[in-house]
Amino acid sequence: MRLALGISYNGQAYQGWQSQLSGLTVQDKLELALRKFTTHKVSTLCAGRTDSGVHGLMQVIHFDTPLERTVASWVRGTNAFLPRDIAVEWAQVVPTEFHCRASALSRRYAYILVESPVRPSVDAGRVGWVYRPLDLDAMQQAAAHLLGEHDFTSFRAAACQALSPIKIIERIDISKRGAYWRFEFEANAFLHHMIRNIMGCLIVVGQHKQPPDWARHVLFERDRNAAAPTFSPDGLYFLGPRYAPHWGLPERTPAFDGLP
């Protein structure tokens, strides 16, 4: 049968999601736990790979298995073999035509940023940080230039393996609660470092180092050198994909309520 799992993780200790020749990854830990629980090798596919230090609130993966267990057993059994900073939030049997990546309608991320004269301590590794005040209106004007279908080459990492730089950003929501800023992004897909590069540009505009229209100029330049430096991964959270309702998969986990 084909099984889908929703995974949450704190990315601080890992070199991103995807298995690689060197470095500890979330996928390695998950597949090791699944192998211990099932007693056979399990290869997983994910909805969206995350970079080193990036967190996940609802990464969705799928795999095929000959074993039949209750969904509750899959959750409890796999979590018994996972480290404390990774957890299976839910499990669900899905049709064989379901594909966690290809079936996704969109993907969602949030960036949590603290505006403070002092660097984070309790939140270290879990939030980005700026010490200069930010202008909400200026950042919203800049973000508006990025909505819709565009060539996002200026916001693409050199190592990006995507076949096309053309993506569709459906929304960018920016809000503030106390000292904490929340930037929420939804798009059909994202390029490597795309959100962190957008964050760098929004912060430059928010600190009045560039006018809001500069974001439009950066976009149309189609040149990574035209944009701001890549911002820290610390406050970036993969909120997970959205799927058509007929798949019956959750859209959020309890961890969503822990973000400002």
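Assorted remarks:
- The lone exception for Val118 - which of (1) free of Cβ contacts under 8 Å to residues at least 40 places away in the same chain; (2) touching a Gly at 6+ places or on another chain (Cβ under 8 Å) it fails: (2)
- Residue that is within 20 Å of Arg252 (Cα to Cα) and either surrounded by fewer than 20 Cβ atoms within 10 Å (Cβ to Cβ) or touching a residue at least 60 places away in the same chain (Cβ under 8 Å) (or both), where the choices are Glu97, Glu89: Glu89
- Qualifying strands (runs of 3 or more DSSP E) (wholly inside the range 102-159; at least 2 residues being of a type in the set (Ser, Thr, Tyr)): 106-115
- For Gln161, the conditions (1) surrounded by 18 or more Cβ atoms within 10 Å (Cβ to Cβ); (2) within 30 Å of Pro95 (Cβ to Cβ) all hold with the exception of (1).
- Exclusive hit being of a type in the set (A, V, I, L, M, F, W, C) and surrounded by fewer than 20 Cβ atoms within 10 Å (Cβ to Cβ), set Ala187, Ala179: Ala179
- Lys167 being part of a strand (DSSP E or B), at negative phi, of a type outside the set (A, V, I, L, M) and in the same structural domain as Met139 (by TED's automatic domain parsing): yes
- The residue list Leu147, Leu136 contains one member that is surrounded by fewer than 16 Cβ atoms within 10 Å (Cβ to Cβ), hydrophobic (A, V, I, L, M, F, W, C) and touching a strand residue (DSSP E or B) at 6+ places or on another chain (Cβ under 6 Å), which is Leu147.
- The lone exception for Met58 - which of (1) under 24 Å from the mean Cα position of the chain (by Cα); (2) closer than 13 Å to Ala4 by Cα; (3) part of a helix (DSSP H, G or I) it fails: (3)
- Test: residue in the range 40-60 that is outside the structural domain of Glu170 (by TED's automatic domain parsing) and acidic (Asp, Glu): yes
- Some residue of the range 51-69 being of a type in the set (Gly, Ala, Ser), without any contact (Cβ under 8 Å) to a residue 40 or more places away in the chain and surrounded by 14 or more Cβ atoms within 10 Å (Cβ to Cβ): no
The values are calculated or read from the model by the stated rules, or taken from the named source; none is laboratory data. Keep in mind that this is a model prediction, so the values were computed, not measured. FYI the Cβ positions are ideal-geometry reconstructions off the backbone, even for glycines, and counts take in every protein chain you see.
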